[in-house]
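One structure is given here, and the rest of the page talks about it.
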Amino acid sequence: MAVGLEHFLILSAILFAIGLYGALAKRNAVVILMSIEIMLNAVNIAMVAFSRYGHFITGQVFAIFIMVVAAAEAAVGLALIIAIYRSRETVDAEKFDLMKW
Amino acid sequence: MPPEVVLAILLLPFFSFVIISFILRPFFNHRPQLSGYVTIASIGASLLLSIWALIEVSGAEGHVLPMPDYEWLAIGDTVIRIGVTVDALAAVMLIVVTSVSLLVQLYSQGYMRGDGGYARYFAFMSLFTGSMLGLVLADNLLFLYLFWEGVGLCSYLLIGFWFHKPEAARAATKAFLITRIGDFGFLVAILLLYAKTGTFDIGELQHLALAGVLGGSVLTWAAIGIFSGAVGKSAQFPLHTWLPDAMEGPTPVSALIHAATMVAAGVYLVARLFPVFASSAMAITTVAIIGGFTAIFAATMGLVMNDIKRVLAYSTISQLGYMMLGLGAVGMAVANGALPVEAGLALGVAVGIFHLFNHAFFKSLLFLGAGSVNHATGTFDIREMGGLRKAMPWTYFTFLIASLSIAGIWPLAGFWSKEGILAQAWESTPILFYLAMITVFMTAFYMFRVVFLTFGGEYRGQAQGSHGLHESPLVMLVPMVLLAILAVVSGWLPISEFLGGESHSFFGALSGPLAWASLVLAGLGILLAYAIYSKKWLSAESLRRAFAPLYTLFSRKYWLDELYERFFVIRLLVNGLFAALHWFDDHIIDGVVNGIAEGTVAAGRVIRRAETGQLQAYGLAIFIGILVIVACLFIFS
């Protein structure tokens, strides 16, 4: 069985769905952050796969950009989580209800 | 005579108003007497030009000067033209307004000296004189109405001239509001006439009324509406209550506005539109009845007032009633066909306006005399005067002449015009004649009551002690003496013939029984006042007790003020209409606005439950939203 574009895309979709589920359903903020990383990487897989099968270099360039942004975002996100942990002594996303009416 | 000159008569006082308000008062306020000089110069010039106009009119064919008119407003196809009418009636009124105004301004130089509002006073007086001249000259109802409101405004401003006095402020408001009731009818009538005829031009309306094109109930209602304006302005029953209160203003104002000119505007209006009135028997009968009733009704209240200016105010109302009666009596004869139309119309105007002409001089003189007395004693209450004859011989002398004139004693001015009215009333409707005759008696009585109480006997006041009483300065006396001369001779002038009425000979007037009847009645009135207030053969106190119910009725002014205030204003307006409007405002208008606001708040209170502050819930919502959008794209594209 040859590995084609659709396999990469299915893998990408599965990873994205796992990430989305984690981001929306998990309580721990660190896990949410990790889920977001999974979603970003799912997109990366799709980008690289399109690049490989479509013969454009653009997708790979974008994948590198996304990795850079993801690294920066993870740093900022973790910093925020640490900051909020210091003030509220929890990383439970359901307890972060300061914006509530 | 060039038309620009006629416009100058009208514009000079306005010009003076502008100069005083915008140049003299802001920049030369340390020399207020300048504003007096400007006013006197402008009105003096108007007087000279008015005399010129009178001479020109008397030489002109049909006593009318042709004048151009100008386009004033063009609204779509409707063009409203304005212009001036210079005919005999307007020329006579011009002389009355400018001459009395000039003399009153001269007098004011003395009377108002040192008042803080000196410049403001003369500014308003100029504005008033200009508006009054405009009212007299206007050839068009809309234009006339503009000036009609202008004089009303000046009356308000000048009654409330001492606005720091609460009574003055109240009197000003009262005058404004009550005349407004009449003006409303006037405005409706103007619009009604315009709707039916398509013109505001007075000359055209007169022709249409005479030709019978304009007639029936439209004409009657229009005439009655116009008359309601005249009733308000000329203080006729039932809208007379403002005039006695208007005496809170400075006395020269009372002399000019509330005796000689503005209150006579109602009579002038009826005279100006006399063909319209005389074409409707019902309207002209209303004029005659209201006039006759007001004449006697106001006189009864004049009998018992203790404030000299209020006696004069009721006297003014009564005399204005006389003029209306004169117009009405002749008009009824015309409407019944007893008099030929052309001659009858001229006769009616002549009878009414001749009395207006004479009344302007003697009544403004009486007011100036009252002001002069007040200048010396500091009061208007005749119970606190007395004996002023010795201290103020000139004031006494001029006041006496004016009193004799108003009482209708031969050969003073009042006699001639009053005879004219009495004669016409006798010819036309005897009941009006009897009312007028009783009024002659009462007029003589109340005027000489004032004369004897003020100038006769001993001084009863404490204000300044009898040695402190002094004659007024020359600047006040000279206008009074000039007016006294006019109060004697104005009846000898051929005003009546000039306006197209009957002429009278100097001694021939005494040949008829009517003249003797009225002279005897006037003499009896004077004699009764002499008996009671000078010789005290009859005690005023015991008479008052004998006629207690009548005395109370008169001195409480028939309780009309109370009726108007308690019933119309408080019961009907404040508790009825205003309360209903207040309820509507509170519950309907505010209810809609507040309801929308409260509904929005309540909806917000429900919907804000959706804002949980949970980021993941928002994320889920975004995700579902995207799914819905994508699904829509697939389904609908």
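Reported count of residues in the range B:94-123, each being open to solvent by 10 Å² or more (accessible area, probe 1.4 Å) and polar (S, T, N, Q), is 2. If the condition is being small (G, A, S) and touching a Phe, Trp or Tyr at 6+ places or on another chain (Cβ under 7 Å), then the range B:26-70 contributes B:S35, B:G36, B:S42, B:S58.
For B:A91, the conditions (1) in contact (Cβ under 8 Å) with a residue 40 or more places away in the chain; (2) more than 25 Å from B:K363 (Cβ to Cβ) are fulfilled apart from (2). The condition of being closer than 30 Å to B:R608 by Cα and hydroxyl-bearing (S, T, Y) holds for A:Y21. Can you find a residue in the range B:508-523 that is of a type in the set (V, I, T) and open to solvent by 60 Å² or more (accessible area, probe 1.4 Å)? Yes: the range B:508-523 contains one or more residues that are of a type in the set (V, I, T) and open to solvent by 60 Å² or more (accessible area, probe 1.4 Å). B:A211 meets each of the listed conditions (1) in contact (Cβ under 8 Å) with a residue 12 or more places away in the chain; (2) out of contact with any Leu (no Cβ under 8 Å at 6 or more places or on another chain); (3) among the aliphatic types (A, V, I, L, M) apart from (1).
The condition of being of a type in the set (K, R) and either open to solvent by less than 50 Å² (accessible area, probe 1.4 Å) or away from chain B (no Cβ under 14 Å) (or both) holds for only one of A:R86, A:R27, that being A:R86. If you scan the range B:564-584, which residues turn out to be open to solvent by 80 Å² or more (accessible area, probe 1.4 Å) and among the hydrophobic types (A, V, I, L, M, F, W, C)? Answer for the range B:564-584, where residues must be open to solvent by 80 Å² or more (accessible area, probe 1.4 Å) and among the hydrophobic types (A, V, I, L, M, F, W, C): B:F567, B:F568, B:L572, B:L577, B:F578, B:L581, B:W583, B:F584.
Among the residues of this structure, B:S472 counts as one that is open to solvent by less than 40 Å² (accessible area, probe 1.4 Å) and either touching a His at 6+ places or on another chain (Cβ under 9 Å) or outside any helix (DSSP H, G or I) (or both). Inside the range B:420-449, residues that are aromatic (F, W, Y), within 24 Å of the chain's Cα centre (by Cα) and open to solvent by 10 Å² or more (accessible area, probe 1.4 Å) make up a count of 0. What about B:L34, is it over 28 Å from the mean Cα position of the chain (by Cα), surrounded by 16 or more Cβ atoms within 10 Å (Cβ to Cβ) and modelled with pLDDT under 90? In short, yes. Being closer than 24 Å to B:A335 by Cα and either of a type in the set (A, V, I, L, M) or in a helix (DSSP H, G or I) (or both) is a property that B:F184 lacks. If the condition is being surrounded by fewer than 17 Cβ atoms within 10 Å (Cβ to Cβ) and farther than 20 Å from B:L146 by Cα, then the range B:163-195 contributes B:F163, B:H164, B:K165, B:P166, B:E167, B:A169, B:R170. Here B:L158 meets each of (1) under 24 Å from the mean Cα position of the chain (by Cα); (2) hydrophobic (A, V, I, L, M, F, W, C); (3) outside any helix (DSSP H, G or I) with one exception, condition (3).
Count of the range B:350-381 residues, restricted to those that are of a type outside the set (S, T, N, Q), under 22 Å from B:E471 (Cα atoms) and surrounded by 24 or more Cβ atoms within 10 Å (Cβ to Cβ), is 11. For the range B:57-73, a residue qualifies if it is open to solvent by 60 Å² or more (accessible area, probe 1.4 Å) and without any contact (Cβ under 8 Å) to a residue 60 or more places away in the chain, and the qualifying residues are B:G59, B:E61, B:G62, B:V64, B:P66, B:Y70, B:E71, B:L73.
With respect to A:G59, determine if the residue is away from chain B (no Cβ under 12 Å), small (G, A, S) and surrounded by fewer than 13 Cβ atoms within 10 Å (Cβ to Cβ). It is false that A:G59 is away from chain B (no Cβ under 12 Å), small (G, A, S) and surrounded by fewer than 13 Cβ atoms within 10 Å (Cβ to Cβ).
Selection of the range B:124-157 for residues being open to solvent by 10 Å² or more (accessible area, probe 1.4 Å) and of a type in the set (A, V, I, L, M, F, W, C) yields B:F124, B:L127, B:L142, B:F143, B:L146, B:F147, B:L153, B:L157.
The condition of being open to solvent by 60 Å² or more (accessible area, probe 1.4 Å), within 14 Å of chain B (Cβ to nearest Cβ) and at pLDDT 90 or above holds for only one of A:L80, A:L20, A:L11, A:L33, that being A:L80.
Of all residue pairs spaced 6 or more apart or on separate chains, none has beta-carbon atoms under 6 Å together with a first member in the range B:616-637 that is more than 27 Å from A:V91 (Cβ to Cβ) and open to solvent by less than 60 Å² (accessible area, probe 1.4 Å) and a second member that is in a helix (DSSP H, G or I) and aliphatic (A, V, I, L, M). Pairs are defined by a Cβ separation below 9 Å, a sequence spacing of at least 6 or placement on different chains, a first member in the range B:410-424 that is modelled with pLDDT of 85 or more, and a second member that is open to solvent by 10 Å² or more (accessible area, probe 1.4 Å) and charged (D, E, K, R); the pairs so defined are B:G420/B:E502; B:A423/B:E502. Apart from one condition, A:I66 fits all of (1) open to solvent by 50 Å² or more (accessible area, probe 1.4 Å); (2) hydrophobic (A, V, I, L, M, F, W, C); (3) more than 14 Å from A:S12 (Cα to Cα); the exception is (1).
Where helices (runs of 4 or more DSSP H) fall wholly inside the range B:196-301, the ranges with 2 or more residues that are touching a Lys or Arg at 6+ places or on another chain (Cβ under 9 Å) and open to solvent by less than 10 Å² (accessible area, probe 1.4 Å) are B:216-233, B:242-245, B:251-255, B:265-272. Taken over the range A:89-101, residues that are within 14 Å of chain B (Cβ to nearest Cβ) and open to solvent by 100 Å² or more (accessible area, probe 1.4 Å) amount to 4. Taken together, the residues in the range B:478-514 that are of a type outside the set (V, I, T) and within 30 Å of the chain's Cα centre (by Cα) amount to 21.
If only residues of the range A:2-27 that are in a loop (DSSP other than H, G, I, E, B) and not small (G, A, S) are counted, the one that is farthest from A:G77 (Cα to Cα) is A:V3. Screening the candidates B:A346, B:A338 for the property of being in contact (Cβ under 8 Å) with a residue 60 or more places away in the chain, open to solvent by 10 Å² or more (accessible area, probe 1.4 Å), closer than 30 Å to B:V218 by Cβ and not in a helix (DSSP H, G or I) yields one hit, B:A338.
The values are calculated or read from the model by the stated rules, or taken from the named source; none is laboratory data. This one's a predicted model, so the numbers in the text were calculated from it and none came from an experiment. Cβ atoms come from the backbone with ideal geometry, glycine included; neighbour counts cover every protein chain shown. All accessible areas refer to the heavy atoms of the entire protein, side chains included, with ligands and DNA or RNA removed. Shrake-Rupley method; radii C 1.70, N 1.55, O 1.52, S 1.80 Å.
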